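Here the structure comes first, spelled out in structure tokens, and everything after it is commentary.
The values are calculated or read from the model by the stated rules, or taken from the named source; none is laboratory data. What you see is a predicted model; the values in this text were computed from it and never measured. So basically every Cβ, Gly included, is an ideal-geometry build from the backbone, and we count neighbours across all protein chains shown.
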Amino acid sequence: MIVQRCFLTGLMICLNLWYVSAQQRPNVILIYADDLGFGDLGCYGATHIQTPNTDALAEQGIRFTNAHSTSATCTPSRYALMTGVYPWREKGHNILPGDAALIVPVNRITLPKVFKQAGYQTGIVGKWHLGLGDQVEKNWNGRITPGPNETGFDYSFIFPATADRVPTVFMENGKVTGLSKKDTITVNYKRKIGDEPTGKENPELLKLRASHGHNNTIINGIGRIGFMTGGKKARWTDEEVGPTFLAKAQQFIDKNKHRPFFLYFALNNIHVPRMPATMFKGKSTMGYRGDAILEMDWIVGAIRKQLEQSGIAKNTIIIFSSDNGPVLDDGYADEAVEKVGTHRPAGPLRGWKTSIYEGGTRVPFIVYWPGKVKAGVSDALISQMDLLPSFAAYLKVRIPKGAASDAEDHILALTGKDPKGREQLVEEGYHNLAILKRGWKYIPASKNKAEQLFYLTRDISEARELSKEYPEKAAALRGALDAIKGNQ
């Protein structure tokens with residue numbers, strides 16, 4: 001009996017020690033906004049929009065001024081974030097249609113797999129846009145695999161591509177939610193199917209008109225890219241997307257608050273069609289785009305409030321960023337252009353979403369870890385894809401040789417202990433590349449433009465072109481870029 005009690009006591013001590021050890025590993029929440037610009041937040045200089053919750057993250061954490069997505073468009077940035085590989089190395093890794101096959105290799109290390117190998121529960125809530133299944137033709141009425149769950153997530157609640165692309169449905173762990181067996185879904189991106197109204201044929205049915213494109217199947221009074229029939233009970237309304245993603249993220253946090261977790265919270269805000277929850281409509285002075293930013297900031301605040309109430313705020317890292325730079329008119333007449341006023345979505349940067357200039361890939365990036373990172377501002381050069389090897393190093397997870405080959409371990413820069421970060425980084429615009437190195441930026445010649453050289457350290461706006469003044473510097477950077485491109 002005494003031996004049994006000693007054994008049980010020892011077992012309880014071991015379990016308690018394991019529990020304490022598990023809780024010492026920080027939870028990680030990556031909040032990934034969509035099309036949010038370098039100048040769209042108060043902490044980055046915005047004065048015509050209020051973002052108090054996101055600003056508070058920056059005030060109490062580290063605000064990075066030289067952080068980048070790899071690419072100026074969404075799918076490529078997300079691919080690099082997941083894999084640690086430049087997307088331009090792979091064919092077809094550009095903006096995907098809603099019926100695309102999965103492009104993330106299921107047999108390689110990914111960001112969520114790093115956390116899984118470290119004993120974390122992993123989840124994704126929000127926009128996916130990296131393809132589903134192993135072919136374009138897929139059965140939307142059953143479980144679609146491979147998908148997020150096969151790339152490292154224990155739990156997934158997503159929509160497949162973007163809000164302006166069909167199918168406009170939520171999917172939970174590979175299955176469409178709320179789908180009636182009698183109302184099967186069919187999707188086609190090449191031709192019209194069924195007899196549902198389209199934006200092109202029935203513009204009188206639209207509550208949000210298109211400015212260009214976006215004139216296929218009408219869902220919730222909005223024309224989409226692509227055609228869809230069926231699944232009428234499963235289709236979401238745009239106004240509920242933000243609150244639904246928030247609720248699912250909160251459920252994941254609540255379920256896993258007693259063990260380490262990684263949550264990739266990929267917001268729809270502020271991608272088109274911008275149709276925020278009704279309580280935010282008209283709350284800004286900048287139309288639906290401004291209203292969607294306010295909704296996004298509210299979501300950030302709700303997550304922080306939950307962490308505080310759950311008692312896990314001090315042991316949770318929040319990373320906030322955006323997949324690429326801003327865009328105003330992205331296909332819908334939502335008054336984003338007319339009502340922008342003096343607000344500068346890209347701040348002092350030149351260029352926008354899709355651009356090879358800094359406005360395309362230099363994005364907001366905030367790391368908040370109370371008691372662990374000292375509040376401040378960092379000018380370190382970092383890339384979002386560096387999260388994979390950085391957390392692998394921190395959590396002592398081995399990355400297989402040759403995997404995540406373009407990413408680098410910069411956990412010291414991410415925690416404010418290294419002010420420099422990367423030495424160089426390749427940026428991807430829409431079908432063109434540039435290289436950053438030690439404050440310089442080189443853009444190769446293209447069909448329409450000669451080569452360009454900028455010294456970003458003194459000219460963040462890329463206003464002064466220097467290739468003729470510093471031809472040797474341009475030549476050196478050209479060679480550095482060619483060397484990286486050749487390493488395929």
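Without any contact (Cβ under 8 Å) to a residue 40 or more places away in the chain and touching a helix residue (DSSP H, G or I) at 6+ places or on another chain (Cβ under 6 Å): is that true of residue 393 in this structure?
Against the criterion (without any contact (Cβ under 8 Å) to a residue 40 or more places away in the chain and touching a helix residue (DSSP H, G or I) at 6+ places or on another chain (Cβ under 6 Å)), residue 393 qualifies.
Pick from 256, 269: which is closer than 20 Å to residue 129 by Cβ and either assigned by TED's automatic domain parsing to the domain that holds residue 158 or touching a Ser or Thr at 6+ places or on another chain (Cβ under 6 Å) (or both)? Working first, answer last.
Details: 256 fails: closer than 20 Å to residue 129 by Cβ.
The conditions single out 269.
For the structure I just gave you, tell me whether residue 386 is assigned to a loop (DSSP other than H, G, I, E, B) and either among the aromatic types (Phe, Trp, Tyr) or closer than 30 Å to residue 26 by Cβ (or both).
No.
Taking the conditions exactly as written (of a type outside the set (A, V, I, L, M), at pLDDT 95 or above, in contact with a strand residue (DSSP E or B) (Cβ under 7 Å, 6 or more places away or on another chain) and more than 24 Å from residue 389 (Cα to Cα)), does residue 140 satisfy them or not?
So residue 140 fits the description; yes.
Among the residues of the stretch 400-414, write down those that are closer than 13 Å to residue 380 by Cβ and among the aliphatic types (A, V, I, L, M).
Scanning the stretch 400-414 gives 411, 412, 413, 414.
Can you give me the number of residues within the stretch 134-180 that are crowded, with 19+ Cβ neighbours inside 10 Å and on the phi > 0 side of the Ramachandran plot?
1
State all residues of the stretch 79-93 that are without any contact (Cβ under 8 Å) to a residue 60 or more places away in the chain and part of a loop (DSSP other than H, G, I, E, B); if no residue qualifies, say none.
Across the stretch 79-93, the qualifying residues are 90, 91, 92, 93.
What's the total number of residues in the stretch 202-218 that are at negative phi and surrounded by 14 or more Cβ atoms within 10 Å (Cβ to Cβ)?
10
Could you say whether any residue in the stretch 339-347 is surrounded by 24 or more Cβ atoms within 10 Å (Cβ to Cβ) and either out of contact with any Phe, Trp or Tyr (no Cβ under 8 Å at 6 or more places or on another chain) or among the acidic types (Asp, Glu) (or both)?
There is no residue in the stretch 339-347 that is surrounded by 24 or more Cβ atoms within 10 Å (Cβ to Cβ) and either out of contact with any Phe, Trp or Tyr (no Cβ under 8 Å at 6 or more places or on another chain) or among the acidic types (Asp, Glu) (or both).
Would you confirm whether or not the stretch 265-278 contains a residue that is touching a helix residue (DSSP H, G or I) at 6+ places or on another chain (Cβ under 8 Å), at pLDDT 95 or above, aromatic (Phe, Trp, Tyr) and surrounded by 24 or more Cβ atoms within 10 Å (Cβ to Cβ)?
So far as the stretch 265-278 goes, yes, one or more of its residues are touching a helix residue (DSSP H, G or I) at 6+ places or on another chain (Cβ under 8 Å), at pLDDT 95 or above, aromatic (Phe, Trp, Tyr) and surrounded by 24 or more Cβ atoms within 10 Å (Cβ to Cβ).
Against the definition (hydroxyl-bearing (Ser, Thr, Tyr), assigned by TED's automatic domain parsing to the domain that holds residue 268 and assigned to a loop (DSSP other than H, G, I, E, B)), how does residue 184 come out, yes or no?
no
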